[in-house]
Amino acid sequence: MAETRQRWLALDGTSAILAEFRRFAGGEDVDRLPVLGELFRSVGKAQDFVADWSAGLVATLREHPLAQIPARHHHAGGYSMVQIAAERGAALAVSSYARIDAPAEARSAVFSDRVQHEIVLAGAGAGRIFRIAEDRTTSAAIDAEACDWQVGDRITIEGEAMCRQVESVHGRLVTLQLTRVPEQPEPTREFAYPGGELLMQSSGDKRASQHEMAIAVLGAMGRTDAAAAIGRHARKGHDHTRWEALRHTLALDPQLGFTLLSDIARSAGDPLSAAAAQLAAQLRQAYPQLGKRGEVACPV
C-alpha cells in the first residue's frame, strides 16, 4: 500500500494539487488556487483525479485483501469516507452516501465552524442547506433551502452559520470534499428545526474536547494532585474548557481554585470575568473561610 501511494504521488498533476492543498490549509481561498480550484469547477477533472487515486488502491486490495488503506477512513450508517490528504485543520476526502429511499424529516440542524466545498462525482441526492438568519444565542431563526444534487453540482458551506443535510439518496451519492476548520473554531451547535431551540453545544476544537474529557475524568477520580495542571487550563483557551477547568480546580483544591476564580473575576477584559465575580460572591457568602489559610470543602 505504501508503494501504491508513492506511485500515485509520482503521477503528473498529483504534486501540484497537493501543493495547492497545503496552501488551502494555510488559509487561501480555493477559488484562488488554479489547480485545486479546477477540481471543484470541472467534474471531469475531479472524476479523473479520484479515479487515478483509487485505481491503485483497488488493484492492491484485490491482490492483497487484508491490506490496510494508508489513510483515515470509516464507514457507519450508510456513510463512508476515505481521506486523500490532511494538513493541519484541512482535509481532502471522498465521501459516499448509500441509498436512502424515504426522505428523513429534519428535526434539527447541526452548525459547525468550517469551510466546506463539495462536487458531486456520481449518483444523485436531495437535502437542504440551513442558514442561521438570526442568532439569539440560546435559540435561532433558521432558513432552509431545498436542494436536488446531480453529478457536477457544487455545494459550498462557509462558516458556523451554514450547514447542509442529505435527506434522500437515489442509488448513491459520491462527492469529492474539501474542508478546513480554523485554528480556534466557534462551538458546534445543534438547533431544533423548525423551532430553533438550542439542543446541544460542544467545542468545535477536537483538542479542547480532549482536554475537557481529561479534566472531567481527573475530577471524577478526585485527583487532587492534578489540580494545578487543571488550573492552568482555566487561564487560556476556549471559554467552555476554561470554565470546566475552573470548576474542577475548585472541587479538587478550593484554596487554589478560589484564588484562580478571584484573578479571573478581577480581569475586566476576560469574557469569564462577570460569571467568575458572581460565583466568587456566592462562595464567599456560603464559605467565609475561603481566601484564608487552610483547607475547606467546596462542593462545586
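The values are calculated or read from the model by the stated rules, or taken from the named source; none is laboratory data. Note that the structure is predicted; figures quoted are calculated from it, not measured. Here the Cβ is made from the backbone with ideal geometry for all residues, glycine too, and neighbour counts use every protein chain on show. For accessibility, only protein heavy atoms count, side chains too; no ligands or nucleic acids. Shrake-Rupley method; radii C 1.70, N 1.55, O 1.52, S 1.80 Å.
Structure notes:
- Looking only at the stretch 158-173, and only at residues there that are surrounded by 19 or more Cβ atoms within 10 Å (Cβ to Cβ) and over 17 Å from ALA109 (Cβ atoms), the one that is farthest from the chain's Cα centre (by Cα): VAL169
- Test set (1) of a type in the set (A, V, I, L, M, F, W, C); (2) over 19 Å from the mean Cα position of the chain (by Cα); (3) open to solvent by less than 50 Å² (accessible area, probe 1.4 Å) - VAL151 fails condition number: (3)
- Of all residues in the stretch 272-284, those that are under 14 Å from LEU246 (Cα atoms) have Cβ atoms under 6 Å from Cβ atoms of residues that are at pLDDT below 90 and surrounded by 15 or more Cβ atoms within 10 Å (Cβ to Cβ), 6 or more apart or on another chain, in LEU283/LEU290.
- Of all the residues in the stretch 191-205, those that are closer than 19 Å to GLU158 by Cβ and assigned to a strand (DSSP E or B) number 1.
- If the condition is being in contact (Cβ under 8 Å) with a residue 24 or more places away in the chain and open to solvent by 50 Å² or more (accessible area, probe 1.4 Å), then the stretch 203-215 contributes only HIS211.
- The residues of the stretch 268-288 that are open to solvent by 50 Å² or more (accessible area, probe 1.4 Å) and under 33 Å from the mean Cα position of the chain (by Cα), listed by number, are ALA268, GLY269, PRO271, ALA274, GLN278.
- In the stretch 127-140, residue farthest from VAL166 (Cα to Cα) [restricted to those that are open to solvent by 20 Å² or more (accessible area, probe 1.4 Å) and of a type in the set (Gly, Ala, Ser)]: SER139
- From the list LEU218, LEU246, LEU250, the lone residue that is open to solvent by 40 Å² or more (accessible area, probe 1.4 Å) and not in a loop (DSSP other than H, G, I, E, B) is LEU218.
- Scanning the stretch 206-215 turns up no residue that is at pLDDT 95 or above and either part of a helix (DSSP H, G or I) or among the aliphatic types (A, V, I, L, M) (or both).
- Odd one out for ARG235, checked against (1) open to solvent by less than 40 Å² (accessible area, probe 1.4 Å); (2) of a type in the set (Lys, Arg); (3) in a loop (DSSP other than H, G, I, E, B): (1)
- Among the conditions (1) among the acidic types (Asp, Glu); (2) closer than 27 Å to LEU283 by Cα; (3) part of a loop (DSSP other than H, G, I, E, B), GLU186 misses just one, which is (2).
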